[in-house]
Amino acid sequence: MTFHRLINEGKERLYKAGQGEQAAMLYMVELCQNAHIDLYSQMDEEIPEEIQTDYLEGIHLMEQGEPLSYVLGYECFYGYNFKVNEDVLIPRPETEELVAWVLQLFDDHFGDKESVQVFDVATGSGAIGITLNLEEPKMNVIASDISKKALIVAKENNDTLGAHVNFICGNMLDPFIERNLTCDILVCNPPYIPNEEKMEKSVVNYEPHVALFGGEDGLKFYRDVFEKAHQVLNEHAFLAFEMGWNQGQALSKLAREYFPDAKITIHKDMSKKDRMFTIER
């Protein structure tokens, strides 16, 4: 069995299962990188038995609908490999763009400060908060999540990647308020999918619902954060959120109720869809 033949078998099996067949190639690339094998120069050579066994096990899991990132056990985000499992949401490229916006706004607002307090709310795998701390050490990040299991994953990522993020467990802003903590930047990728919205099976059957669904209209999390945000925000603080592509108008109206004098901006992602919004006080 050659690499080329086995990859084609994997593609065919995933296609028949209604899954993305490109994952068959991506999975083999990752396995070969981990084994220090130059895949592209050995496509017509016989595949090592260990690689073949691991590959077929992974293809079987993906046939059942398990996402490639969970099969691998990690996802690359902003150039860093983050451990992921079914306790945390898989970080997406759109969230990388949120991180980039926060870094840009940091330079505009706080570039001359020695230390800036950042809250990463609903951190999940820790991808946002850890990346911000690694990219800008002036950011003193505290990350929260309601899920203790998610925080176990986030703490492991923090230690593995050499970041210096602190973690607290609790619902939205409550753990910060209880500790009388305040911030200069509040960032979050909240659960914003409406409860009844149809999702791909690979998402809804595997990723944690608490990190996906945001109430009947998908805006529950934002309402709760806006209502309490003034208790944790320092003067001139800004907020940055990811959102659904069709939620911009509703979120702008909602944010204006709580921040009538702020600069509220909708930002588009690389696909030219509304994906992020910021509130600059």
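The values are calculated or read from the model by the stated rules, or taken from the named source; none is laboratory data. Note that the structure is a prediction, hence the values are computed from the model and not measured. Positions of Cβ are backbone-derived with ideal geometry, glycine not excepted, and every protein chain shown enters the neighbour counts. For the accessible areas, the whole protein counts, side chains as well, though only heavy atoms, and no ligand, DNA or RNA atoms are used. Shrake-Rupley method; radii C 1.70, N 1.55, O 1.52, S 1.80 Å.
Numerical summary
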| item | result |
| --- | --- |
| Surface per residue (accessible, 1.4 Å probe) for the chain, Å² | 50 |
| Loop-located GluC sites (Glu not before Pro) in the stretch 13-72, at most 14 other Cβ atoms within 10 Å (DSSP) | GLU45 |
| Entry for mean projected area of the Cα convex hull in nm² (calculated from the structure that is shown) out of [x] 15.7; [y] 20.2; [z] 16.6 | [x] |
| Whether the stretch 116-271 is rounded, prolate or oblate, judged on the alpha carbon gyration tensor where a/c under 1.5 counts as rounded | oblate |
| Sparsely packed GluC sites (Glu not before Pro) within the stretch 114-201, loop by DSSP, other Cβ within 10 Å at most 14 | GLU114, GLU196, GLU197, GLU200 |
| Kirkwood Rh, Cα atoms: Rg over Rh of the stretch 1-96 | 0.98 |
| Cα-based Lys pair tally, the stretch 1-160, threshold under 21 Å, eight or more apart or on separate chains | 5 |
| Candidate aspartates and glutamates - alpha carbon under 18 Å from LYS268, same-chain residues fewer than 8 apart omitted | GLU94, GLU96, GLU97, GLU242, GLU280 |
| Estimated FRET transfer efficiency when R0 is 41 angstrom, pair GLU178-GLN42 (beta carbons, to 0.05) | 0.15 |
| Exceeding the 20 Å Cα-Cα cut-off - candidates LYS220/LYS253; LYS228/LYS273; LYS201/LYS273; LYS228/LYS253 | LYS228/LYS273; LYS201/LYS273 |
| Carbon + sulfur, % of accessible area of the chain - ligands and nucleic acids excluded, 1.4 Å | 47 |
| HN-Hα J in Hz across the stretch 6-13 - Karplus 6.51, -1.76, 1.60, θ = phi - 60°, x for Gly and Pro | 5, 5, 4, 4, x, 4, 5, 5 |
| Residue-wise HN-Hα coupling along the stretch 132-145, computed from phi with Karplus coefficients 6.51, -1.76, 1.60 (Hz; x: Gly, Pro) | 4, 5, 5, 7, 9, x, 5, 7, 8, 9, 10, 10, 10, 7 |
| Exposure of VAL210 as accessible area (Å², to 10), given a probe of 1.4 Å and all protein chains | 90 |
| CD proxy at 222 nm, helix term only [per DSSP H run n ≥ 4: -39500 (n - 2.57); per residue of the chain; nearest 500] | -12500 deg cm²/dmol |
| Where a label projected 7 Å from the Cα of ASP108 along Cα→Cβ would reach, residues of the stretch 235-259 with amide N under 16 Å | 236-242 |
| Theoretical gain in end-to-end length, TYR15 to ASP217 [0.36 nm per residue, Cα-Cα removed] | 69.4 nm |
